[in-house]
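**Student:** Got a structure here, written out as structure tokens. Questions coming.
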Amino acid sequence: MTRFAEQETGVFPSVCSLDCPDQCGLLIHKDNGRIVKVEGDPSHPVTQGKICNKVRNVAERLYDPKRLQYPMKRVGKKGEGNFERITWDEAIETITSKWKTLIAEEGPESIMPYSFYGNMGMIGTEGLDRRFFHYMGSTQLEYTICSAAGSQGYGYTMGGSVGTDPEETVNAKLIVMWGINAASTNMHQVMLAEKARKNGAQIVVIDVHKNQTGRWADWFIPILPGTDAALALGLMHILFAEGMADEAFLQQYTVGAEELREQVKPYTPELVSSITGVSVEDIYKLARLYGGTHPSFIRIGNGPQHHDNGGMCIRTIACLPAVTGAWRHQGGGAIKGNGGYLEHNVRALQRPDLRKNKSARRVNMNLLGQALTELDPPVRAMYVYNSNPAVVAPDANKVRQGLEREDLFTVVHELFLTETAKYADIVLPATSSYENLDFYASYWHHYVQIQEPVMLPYGESKSNTAVFRLLAGAMGFEEPALYDSDEDLIRQSLADSGNPVLAGVTYESLVEHQFVRGQVRPLLETGFPTPSGKIELKSETMARRGYSALPTYTPLVEDGDLPFLYIPAPNHNFLNSTFSHNEKHVRLEKTPKLHMNETDASARGIATGDRIRVWNDRGSCVLTAAVGADLLPGVVLSQGLWADDPERGGDTLNALTPARVADMGGGATFFSGRVDVEKVG
Ligand SMILES: Nc1nc2c(c(=O)[nH]1)N[C@H]1C(S)=C(S)[C@@H](COP(=O)(O)OP(=O)(O)OC[C@H]3O[C@@H](n4cnc5c(=O)[nH]c(N)nc54)[C@H](O)[C@@H]3O)O[C@H]1N2
Ligand SMILES: Nc1nc2c(c(=O)[nH]1)N[C@H]1C(S)=C(S)[C@@H](COP(=O)(O)OP(=O)(O)OC[C@H]3O[C@@H](n4cnc5c(=O)[nH]c(N)nc54)[C@H](O)[C@@H]3O)O[C@H]1N2
Ligand code: SF4
Ligand SMILES: [Mo]
């Protein structure tokens with residue numbers, strides 16, 4: 001399938017492969033064999049031709065002279081970044097002979113994959129790679145860094161990652177953006193909300209930081225980090241107490257309403273105010289607005305679940321639309337993620353049946369630092385792709401300490417010489433998604449899309465699937481499933497999925513139409529995918545697993561006694577650490593800032609523009625102070641996963657974040673760490 005890639009000139013359909021809910025349809029303009037312009041595809045029903053700045057500039061990234069063009073081996077010290085060109089043959093031979101020795105001497109669990117969603121294409125990100133490592137019998141990775149806690153929590157209430165159809169949210173009269181910086185991270189939800197607003201909808205933002213999303217709101221409610229479950233319980237307290245619960249809905253579509261009614265009684269507005277920092281008056285006002293407005297829609301973000309108590313927090317917020325019966329109304333309800341609707345045939349794609357080593361040990365990716373420095377028997381080889389753990393993983397100094405180990409053999413398959421790649425023994429050049437065939441399923445809207453290559457491979461770069469085929473061959477693996485073509489992998493994923501939503505979504509229909517809508521039916525018709533088929537306000541499954549069966553609030557774990565909670569959130573112009581090396585994007589973001597409340601700042605003689613050292617016992621970073629009233633006292637916040645910068649000095653931002661796992665799903669707790677700050681002399 002290279003019909004587009006081989007054409008020198010023309011406009012070709014495409015899809016954004018970045019880890020972003022919007023999954024935009026794109027049009028790629030080529031002239032003389034080179035991509036000269038990237039724009040939104042106006043025929044895409046949800047994204048409608050609008051795209052973000054990041055991807056408008058993506059051609060610069062694709063042709064960046066810094067892009068990796070050929071395999072390399074390290075010649076200097078780990079982390080230094082000195083490499084020498086080698087051939088693909090030498091690279092594959094070096095890797096596989098090392099792996100064969102390790103398997104013979106220490107067993108396959110001495111080898112570990114590490115990856116995430118630098119590219120959301122299904123076959124390259126969770127397809128042939130999964131088959132390969134299943135067959136090898138390597139240590140298995142748990143993919144927990146993003147939304148594991150929140151997805152599990154939401155799932156206890158709702159049964160899975162299923163929520164409102166975003167296209168219907170234009171009908172909402174109240175939109176609550178809860179812990180989501182949608183103006184940066186889900187711009188088309190903002191576009192849809194703007195349409196709703198023109199029809200009279202109000203927009204409320206609940207966040208720890210009055211960022212661009214908070215500034216856009218009709219009403220911004222600042223909250224203390226990690227306390228959102230208490231706010232949700234307080235709102236339900238008032239909804240029940242003031243007769244704003246939809247009793248008929250509760251009766252028909254939920255289990256545990258009576259127990260929930262009792263459970264929320266102690267969460268009085270006074271108590272909730274003392275926990276959350278939200279005034280008693282505002283708690284009443286919000287409850288009455290939410291209880292009295294239909295359709296009401298809550299977009300639940302990733303922020304509140306990147307905490308120790310994140311799973312239960314999202315489980316609790318997810319009960320709100322059930323209490324008011326918001327699900328009855330078109331455009332009402334909530335979205336945490338909608339990935340559950342479009343689930344393809346995961347077993348056919350990933351082939352867990354190929355596992356030689358059924359009891360292979362598992363490593364939670366949030367504990368990478370620990371895994372590389374403490375596991376016994378040790379991890380002796382790591383294969384990294386689609387991710388930049390030296391920057392994005394928590395407790396980064398420990399991660400880097402692990403990456404520095406002389407007895408760790410690291411391979412990094414990348415488009416750029418990232419901070420992680422600098423620690424590699426072998427670096428392999430990766431094609432971008434625009435050079436590969438793959439299919440994409442949004443975790444927000446209801447469309448499945450295809451990418452046919454629109455560009456020939458850059459230099460000697462190869463796709464993830466192509467490299468796994470080479471590795472399988474050189475390992476002498478005889479399993480035919482390790483050699484399936486990209487097209488076959490897509491066909492297998494879409495065939496016999498057992499998911500009626502995907503009826504009509506086939507390889508052919510994708511090639512013909514570029515995007516195909518899943519046949520999603522309303523939850524009130526299909527029933528909820530919980531054990532009871534209803535929304536579970538009380539969950540027996542949770543009780544069996546040792547959680548409170550009813551929503552509850554638990555304070556954050558004590559993280560030492562330093563004065564500030566530190567929230568290192570994403571920023572507008574990077575996507576996680578992607579684009580953090582691109583000059584234009586860095587220029588737009590200027591410099592990493594530490595936002596802090598003016599009371600805290602003045603008590604320490606800190607003013608905007610001062611260089612600040614932010615520290616705890618895990619690490620120390622240097623940032624520039626941005627003092628104001630956009631967050632509550634006791635909270636400090638930065639935006640963006642910035643590249644290493646010797647001029648700035650200090651550690652990478654994630655050096656400060658804890659590697660504790662959240663209450664559910666082994667999720668990350670990036671936002672539950674404590675720090676202190678001081679002016680740099
Ligand atoms: N521009 C851009 N877009 C992105 C990304 C990016 O890096 N840049 N990353 C992509 C990825 S992988 C993801 S997962 C999504 C994430 O996108 P979002 O779902 O928006 O999640 P975050 O940006 O992590 O955090 C959202 C908000 O939560 C707030 N927050 C932190 N703690 C709390 C809390 O305890 N309570 C409340 N109420 N708010 C809190 C933060 O201030 C932030 O504004 O975005 C995707 N899109
Ligand atoms: N402090 C803090 N840390 C965080 C977060 C936070 O909010 N705060 N957010 C967390 C979240 S939600 C997430 S999802 C993670 C994301 O963390 P990562 O998944 O590591 O995301 P990126 O930093 O974008 O790195 C993706 C890398 O994949 C590479 N890549 C892209 N396409 C391909 C391909 O086809 N093949 C190969 N081999 N490589 C490719 C890109 O060049 C890029 O370097 O970060 C987490 N880290
Ligand atoms: S990053 Fe998100 S908003 Fe930007 S083009 Fe890609 S899918 Fe669209
Ligand atoms: Mo994420």
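**Student:** With (1) open to solvent by 20 Å² or more (accessible area, probe 1.4 Å); (2) more than 16 Å from ligand 2 (Cβ to nearest atom) as the list, and HIS134 as the residue in question, which single condition is left unmet?
**Tutor:** (1)
**Student:** May I ask you to list the residues in the range 420-450 that are under 20 Å from the mean Cα position of the chain (by Cα) and either charged (D, E, K, R) or away from ligand 3 (no atom under 16 Å from the Cβ) (or both)?
**Tutor:** In the first step, residues of the range 420-450 are kept if they are under 20 Å from the mean Cα position of the chain (by Cα); the result is 420, 432-433, 438-449.
Passing the criteria: THR420, ASP438.
**Student:** Give the number of residues within the range 398-431 that are buried (at least 22 other Cβ atoms within 10 Å of the Cβ), in contact with a Leu (Cβ under 9 Å, 6 or more places away or on another chain) and polar (S, T, N, Q).
**Tutor:** Total satisfying the criteria: 3.
**Student:** Among the numbered criteria (1) away from ligand 1 (no atom under 16 Å from the Cβ); (2) part of a strand (DSSP E or B); (3) of a type in the set (Val, Ile, Thr), which single criterion is violated by VAL162?
**Tutor:** VAL162 satisfies all of (1) away from ligand 1 (no atom under 16 Å from the Cβ); (2) part of a strand (DSSP E or B); (3) of a type in the set (Val, Ile, Thr) except (2).
**Student:** Pairs only if they're at least six apart or on different chains, beta carbon under 6 angstrom, first in the range 95-117 and farther than 18 Å from THR373 by Cα, second within 16 Å of ligand 2 (Cβ to nearest atom) and open to solvent by 10 Å² or more (accessible area, probe 1.4 Å); list them, first residue then second.
**Tutor:** Note: pairs meeting the criteria are SER115/ASN386; SER115/SER387; PHE116/ASN386; PHE116/SER387; TYR117/ASP19.
**Student:** Mind checking which residues of the range 409-433 are more than 16 Å from ligand 1 (Cβ to nearest atom), out of contact with any Asp or Glu (no Cβ under 7 Å at 6 or more places or on another chain) and under 19 Å from TYR458 (Cα atoms)?
**Tutor:** VAL412, HIS413, GLU414, LEU415, PHE416, LEU417, ILE426, LEU428, THR431, SER432
**Student:** Out of the range 313-358, which residues are under 14 Å from GLY155 (Cβ atoms), among the hydrophobic types (A, V, I, L, M, F, W, C) and open to solvent by 10 Å² or more (accessible area, probe 1.4 Å)?
**Tutor:** The answer is none; no residue qualifies.
**Student:** Six or more apart or on different chains, Cβ atoms under 9 Å: show the pairs whose first residue is in the range 182-203 and on the phi < 0 side of the Ramachandran plot and whose second is near ligand 3 (Cβ under 10 Å from one of its atoms) and open to solvent by 50 Å² or more (accessible area, probe 1.4 Å).
**Tutor:** MET187/LYS50; HIS188/LYS50; MET191/LYS50
**Student:** Out of ASN186, ASN171, ASN181, which single residue is within 16 Å of ligand 4 (Cβ to nearest atom), closer than 28 Å to GLY527 by Cβ and polar (S, T, N, Q)? Spell out the reasoning first.
**Tutor:** Details: ASN171 fails: within 16 Å of ligand 4 (Cβ to nearest atom); ASN181 fails: closer than 28 Å to GLY527 by Cβ.
Checking each option against the conditions leaves just ASN186.
**Student:** Condition first: touching a Lys or Arg at 6+ places or on another chain (Cβ under 9 Å) and either in a strand (DSSP E or B) or open to solvent by less than 50 Å² (accessible area, probe 1.4 Å) (or both). Now tell me which residues in the range 95-111 satisfy that.
**Tutor:** Those that are touching a Lys or Arg at 6+ places or on another chain (Cβ under 9 Å) and either in a strand (DSSP E or B) or open to solvent by less than 50 Å² (accessible area, probe 1.4 Å) (or both): LEU102, PRO108, SER110, ILE111.
**Student:** Hey, does the range 189-207 have a residue that's within 16 Å of ligand 2 (Cβ to nearest atom) and assigned by TED's automatic domain parsing to the domain that holds PRO266?
**Tutor:** Among the residues of the range 189-207, at least one is within 16 Å of ligand 2 (Cβ to nearest atom) and assigned by TED's automatic domain parsing to the domain that holds PRO266, which makes the answer yes.
**Student:** Could you go through the range 40-57 and let me know if any residue there is closer than 15 Å to MET455 by Cα, within 16 Å of ligand 1 (Cβ to nearest atom) and crowded, with 19+ Cβ neighbours inside 10 Å.
**Tutor:** Initial filter on the range 40-57 (closer than 15 Å to MET455 by Cα): none.
Checked the range 40-57: no residue is closer than 15 Å to MET455 by Cα, within 16 Å of ligand 1 (Cβ to nearest atom) and crowded, with 19+ Cβ neighbours inside 10 Å.
**Student:** Okay, moving on. With the structure loaded, tell me whether LYS37 is in contact with a His (Cβ under 8 Å, 6 or more places away or on another chain), within 16 Å of ligand 2 (Cβ to nearest atom) and either open to solvent by 60 Å² or more (accessible area, probe 1.4 Å) or among the aliphatic types (A, V, I, L, M) (or both) or whether it fails that test.
**Tutor:** Here the answer is no, as LYS37 does not meet what is asked.
**Student:** May I ask you to list the residues in the range 633-659 that are modelled with pLDDT of 95 or more and open to solvent by 40 Å² or more (accessible area, probe 1.4 Å)?
**Tutor:** Listed by number, the residues that qualify are PRO633, ASP644, ASP645, GLY650, ASP651.
**Student:** Same structure, new question: Scan (1) buried (at least 24 other Cβ atoms within 10 Å of the Cβ); (2) more than 25 Å from LEU471 (Cβ to Cβ) for the single condition GLY160 breaks and write down its number.
**Tutor:** Here GLY160 meets the rest and fails (1).
**Student:** When the range 549-568 is examined, which residues are found to be in contact with a helix residue (DSSP H, G or I) (Cβ under 7 Å, 6 or more places away or on another chain) and open to solvent by less than 50 Å² (accessible area, probe 1.4 Å)?
**Tutor:** ALA549, LEU550, PRO551, THR552, TYR553, TYR566, PRO568
Yes/no matrix, rows are residues, columns are (1) of a type outside the set (Lys, Arg); (2) away from ligand 2 (no atom under 16 Å from the Cβ):
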{"residue": "VAL15", "(1), (2)": "yes, no"}
{"residue": "ASP22", "(1), (2)": "yes, no"}
{"residue": "LEU27", "(1), (2)": "yes, yes"}
{"residue": "VAL46", "(1), (2)": "yes, yes"}
{"residue": "TYR63", "(1), (2)": "yes, no"}
{"residue": "ARG85", "(1), (2)": "no, yes"}
{"residue": "ILE95", "(1), (2)": "yes, no"}
{"residue": "LYS98", "(1), (2)": "no, yes"}
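**Student:** Name the pairs: first residue in the range 496-513 and within 11 Å of TYR341 (Cβ to Cβ), second residue exposed (fewer than 15 other Cβ atoms within 10 Å of the Cβ), Cβ to Cβ under 6 Å, at least 6 apart or on different chains?
**Tutor:** Between residues of the range 496-513 that are within 11 Å of TYR341 (Cβ to Cβ) and residues that are exposed (fewer than 15 other Cβ atoms within 10 Å of the Cβ), the close pairs are VAL501/GLN519.
**Student:** Another question about this same structure. Before we move on, is ALA662 within 16 Å of ligand 4 (Cβ to nearest atom), open to solvent by less than 30 Å² (accessible area, probe 1.4 Å) and touching a residue at least 40 places away in the same chain (Cβ under 8 Å)?
**Tutor:** yes
**Student:** While we're looking at this one, here's another question. Step by step: first the residues of the range 359-381, then only those that are touching a residue at least 40 places away in the same chain (Cβ under 8 Å) and part of a helix (DSSP H, G or I), then the one that is most open to solvent (accessible area, probe 1.4 Å). Which residue is that?
**Tutor:** Keep residues of the range 359-381 that are touching a residue at least 40 places away in the same chain (Cβ under 8 Å), which gives 360-371, 377-381.
Next, from what is left, pick out any that are part of a helix (DSSP H, G or I): 365-371.
Values: MET365: 1, ASN366: 1, LEU367: 48, LEU368: 2, GLY369: 4, GLN370: 82, ALA371: 8 Å².
Per the criteria, the residue is GLN370.
**Student:** Being assigned by TED's automatic domain parsing to the domain that holds LYS356 and outside any helix (DSSP H, G or I) narrows it down to one of TYR135, TYR117, so name that one.
**Tutor:** Within the list TYR135, TYR117, the selection yields TYR117.
The values are calculated or read from the model by the stated rules, or taken from the named source; none is laboratory data. Since this is a predicted model, take the numbers as computed values, not measurements. Don't worry about glycine lacking a Cβ; one is built from the backbone with ideal geometry, like all the others, and counts go over all protein chains shown. Each accessible area value is taken on the protein alone, full model and side chains, heavy atoms only, with ligands, DNA and RNA left out. Shrake-Rupley method; radii C 1.70, N 1.55, O 1.52, S 1.80 Å.
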